[in-house]
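The values are calculated or read from the model by the stated rules, or taken from the named source; none is laboratory data. Small disclaimer: the values here were computed from a predicted structure and weren't measured. Cβ placement follows ideal geometry from the backbone for every residue including glycine, while neighbour counts extend to all protein chains displayed.
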Amino acid sequence: MAAVPLSGSIIGTRCNDSLWGLRSKTIESQLAAAMAGGARIRAAFHPIMDIDGARTSVIALVGGDRFPLQHIDSGLFAAALPFVNLIDYRLEVIYDDAGPRILADAYLAWVILRWVVSNISSNGQPLPITFNGSVLTYIGWHVLLVISGITIVGWAWVIVAQTRWICRNIGGTNREILFRATGLEILWRTLVFAIACIFIIPIPWMLIWYVRWMVSQFELVERAA
């Protein structure tokens, strides 16, 4: 399976004998036929749950159009979208009784992160740095972050671990980026910020306080030999 280079945020793939090893030959033939006509494949991983007999649903939202993704296997959803250079889209996901949730796609976030890192400059000169983290691991961190929400407080430690993983995968210079914050520090500061936002007026000052502290937790050190 070879990746199709795209300028947008849709994952395009071409396969020889099978498409991701799909179990459903009907779905495989539909997707393959759509790709032959110039469509691109969109895939997403989401938990599979039964809610009053109705299973998880995933729908791609492109402008005012809705494109349901079909469940392939073990939480993998896929659909062929009639776009080539699609930039922005969202996913509408239903997997609990709270109703539909509109999510930004983790793959799109990965693409944006790679672009931001590769376009950092100093004194007008671009820096030769890149983000080398794999898209599957990045998506895995997003899934873990969603799951950690069940614990109410565990998300803070997931954010720390994910941020440190991102820092470890930024290369191209003789220095490495460290993230010094701990889960507990992020947790209590986020709670204080959220409580202050209830009163509305302190929001600008609390936002500055929170962002300044978060930025101060990044540190540049010489890369170990």
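Structure summary
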item	result
Tally, over the stretch 77-107, of residues that are at pLDDT below 70 and closer than 27 Å to Gly133 by Cα	8
Long-range neighbours under 6 Å by Cβ, at least six apart or interchain, first residue at pLDDT 80 or above and in a strand (DSSP E or B) within the stretch 44-67, second surrounded by 11 or more Cβ atoms within 10 Å (Cβ to Cβ) and among the charged types (D, E, K, R)	Ile59/Glu92; Ala60/Arg42; Leu61/Arg90; Leu61/Glu92
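Okay, residues lined up against (1) under 22 Å from Asn119 (Cβ atoms); (2) in contact (Cβ under 8 Å) with a residue 24 or more places away in the chain:
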| residue | (1), (2) |
| --- | --- |
| Phe131 | yes, yes |
| Leu145 | no, no |
| Ile166 | yes, yes |
| Glu176 | yes, yes |
| Leu187 | no, yes |
| Pro202 | no, no |
